Amino acid sequence: MSDEQRFVDLWNDFLEGELDGTRMAELQTLLAKDDALLKTAADTYQLHRLLGILSDEQNTGRDEFVQRTLGKLPVEQHAFVDGIMRRVAPECPRETNQVDRASRWGQYVVFASLLLLLAGIAWQQFGRKPSIAKITGLSGSVYWTGNDGQVEDDISVGMEVGGGTLEGAAPDSWAELTFLDGSKVTLSGKSMLTFSQQGQKELHLREGNITANVEPQPPNLPMLIHTRSAMLEVLGTRFNVEAELSSTMLNVNEGKVRIRKLNDNKAVEVVANHWVVASADRQLEPILVPDGVPRWRSQIELGPDGTFGKWIPADQGSAARLEAIPFVFSPPGKGNELVTVYVAALPVSQGERQPVVVRESSRFRVQGKRRKACQVFFGFQVNDAEGRFAGKFLGVLPLEPNATGKFECEIPLTQFGLDPSVELYKDQLPKTPDGLIVASCWCVTIDESAGLEINEAELIPEGMVP
Amino acid sequence: MSERNTEPEIEVEKAVERIRKGDVAAFEVIVRHFERPLRAWLATQSAPGVDVDDVAQRSFIAAYTRLDDYASGTNFGAWLFTIARYQLKTETTRIRRVADYQNRYAPDLLQQELDRRDSSLPAVQAERLECLKKCLEQMESRLRRYITWRYDEGIPLEEMAERSDRSIAAVKKQLWQLRRRLHECVESRLAEDGGVL
């Protein structure tokens with residue numbers, strides 16, 4: 001096969017999103033040695049993207065984009081006051097000959113409220129942004145970007161924040177945000193959440209998972225949660241949301257949440273103990289949350305969805321695997337010191353998978369490979385039945401030196417301890433993971449040349465064999 | 001304001017003045033005028049994984065909040081595209097921070113080539129979009145259906161193969177040929193119309 005034919009094959013797969021890491025490297029090589037191929041690649045890529053724009057225009061219309069953009073403009077002071085005045089007007093009739101003391105007091109209260117609101121607006125416009133929430137829990141690598149655009153990685157519990165973006169950079173990242181009204185939103189794993197409060201709370205979950213416990217919101221000002229594929233309206237309830245590139249999964253624990261698919265505007269109310277997936281290619285139908293199962297086995301061969309690491313498909317003689325990739329972070333309280341670890345992580349009870357419940361008598365089995373003898377840590381995160389973060393546990397894989405580098409080992413739950421990164425919260429978190437739901441698990445080494453790869457991980461309940 | 005300004009450009013300048021006087025609704029004129037060229041330009045300049053609509057919205061909002069920085073009568077479009085260029089750069093940098101992004105989503109060389117093409121006039125991509133629409137209208141329906149399936153309906157290759165009673169490889173090849181053909185059609189139309197290339 002000529003280079004050109006091979007390029008066509010690879011480039012087609014790239015445009016279809018079907019190119020894996022190995023063939024991506026091959027494509028890079030072909031593009032590097034032939035400028036004409038690179039030009040063809042860029043031409044067809046740009047055409048492919050324009051076809052996407054035409055399709056968007058046909059499906060959603062240009063008006064929708066215009067309206068969504070206008071709806072995001074910052075509220076101006078005068079428009080804001082006008083809105084307030086329209087709301088209070090019915091309670092403050094202007095044409096009265098005899099104003100009684102009570103209504104006069106009512107006017108004073110409204111006037112005082114407006115002064116306070118204006119003072120708040122002036123504070124927002126001329127001073128530092130007032131806080132709308134506080135960071136009340138933190139673990140792993142989490143970045144904060146405020147409205148001034150400055151990215152901060154040295155954030156701490158108790159820090160008050162205005163609108164901005166919280167980003168969990170690693171599979172074990174976790175942050176809890178408490179709004180002034182007591183509503184709590186927890187971000188976990190590789191996630192990105194932008195939030196603001198201008199009249200109503202508005203969250204944009206670009207990717208990842210959040211769990212929310214929302215206090216009752218004013219009926220006309222529900223909390224809004226936007227993802228790439230759906231919009232949720234929340235008046236006060238408990239639920240989890242998981243956003244991927246093209247789908248959103250909502251799991252309601254208490255109350256109800258209204259979810260609307262962006263591609264066709266169809267909406268549905270999801271009630272307690274139900275979940276629904278919003279995506280362009282399926283019906284919006286809530287189903288009962290299935291019961292938890294005690295056993296789980298990774299399926300790395302099915303692809304890299306939800307994983308963290310370099311996914312390598314099966315090839316001759318080797319099963320599909322996940323290679324640990326470097327992750328650089330600054331440990332809390334260590335100033336500017338940077339630490340590099342090598343991580344491969346797998347989702348467990350995420351997406352539409354059944355919740356996996358861990359028992360004290362369970363054990364994990366891990367199969368993989370390392371190029372040299374080194375310590376390999378194994379950790380997992382658990383949530384409670386309502387999806388709230390409930391802790392992280394860490395152990396060391398009992399590996400024996402082996403000439404081939406391949407390993408397969410089991411580690412019982414009793415060998416795990418609380419992950420040091422959540423030590424601060426040990427009094428608030430369950431002492432053991434028994435009965436909790438495993439959200440994700442990961443392997444970590446600090447040895448650069450270890451070449452750690454994971455073929456399979458499994459959670460095995462007592463009395464069962466791998 | 002320059003005498004060469006076209007009618008839409010004059011409307012945009014008028015809208016800017018209205019916004020400055022407090023008429024927020026006038027910003028709609030600006031969004032309607034620029035959304036198509038801006039989204040088309042962003043789509044062709046950004047790496048896979050970048051949410052074009054999100055970057056476009058952020059560019060409009062940044063333009064709105066920084067409107068005092070714009071010198072009236074210069075070139076609002078150029079000013080807006082400069083903002084968008086920075087917004088896109090920020091987003092691309094953010095995505096690059098994800099460790100395995102390069103391996104999964106984009107060849108470096110493609111991004112370099114797109115950056116090189118960034119010097120062409122942004123409005124050209126809107127012209128390309130219009131030409132593409134016409135080229136698609138001209139295409140025989142038996143061929144156009146592949147584009148409809150792939151882009152409008154987003155159906156997987158397996159289903160396209162079933163619907164057309166062909167192999168997946170043949171469907172891929174067909175899509176490749178159609179993209180090449182559409183590219184040639186667009187470039188030829190642009191050349192005929194005297195478009196800037």
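Taking a cut-off of 27 Å between Cα atoms, list the lysines near residue B:21, but don't count ones fewer than 8 places away on the same chain.
Cross-link targets: A:72, A:129.
Past the 17 angstrom mark, what percentage of all C-alpha to C-alpha distances in segment A:270-394 do you count?
71 percent
Quick one, can you get me the convex hull of the C-alpha atoms of chain B expressed as volume per residue in Å³?
150 Å³
Given the pairs A:39/B:173; A:190/A:392; A:33/A:369; A:184/A:256, which are separated by over 23 angstrom at their Cα positions?
Pairs exceeding the cut-off: A:33/A:369.
Would you list which lysines come within 16 Å of residue A:372, measuring only between C-alpha atoms, while excluding same-chain residues fewer than 8 positions from it?
By straight Cα distance, residue A:372 reaches A:406.
Which trypsin sites (Lys or Arg not before Pro) in segment A:218-317 sit in a loop by DSSP (not H, G, I, E or B) and have at most 13 other Cβ atoms within 10 Å of their own Cβ?
Sites meeting the loop and neighbour criteria: A:266, A:282, A:295.
Within straight cross-link reach of residue A:431, meaning Cα distance under 19 Å, which aspartates and glutamates are found once same-chain residues fewer than 8 apart are removed?
Result set, ordered by chain and number: A:172, A:360, A:384, A:386, A:419, A:423.
Comparing B:159, B:35, B:187, which has the greatest mean-square fluctuation in the GNM of chain B with Cα pairs linked when under 10 Å apart?
Top of the fluctuation ranking is B:159.
Report the convex hull volume per residue for segment A:198-280, counting only C-alpha atoms, in Å³.
It is 81 Å³ per residue.
Suppose a student asked you for the relative contact order of chain B, using Cα pairs under 8 Å spaced at least 6 residues apart; what percent would you report?
21 percent
Coordinate-derived values only; no laboratory data. Given the structure is predicted, the values throughout are model-derived calculations rather than measurements. Don't worry about glycine lacking a Cβ; one is built from the backbone with ideal geometry, like all the others, and counts go over all protein chains shown.
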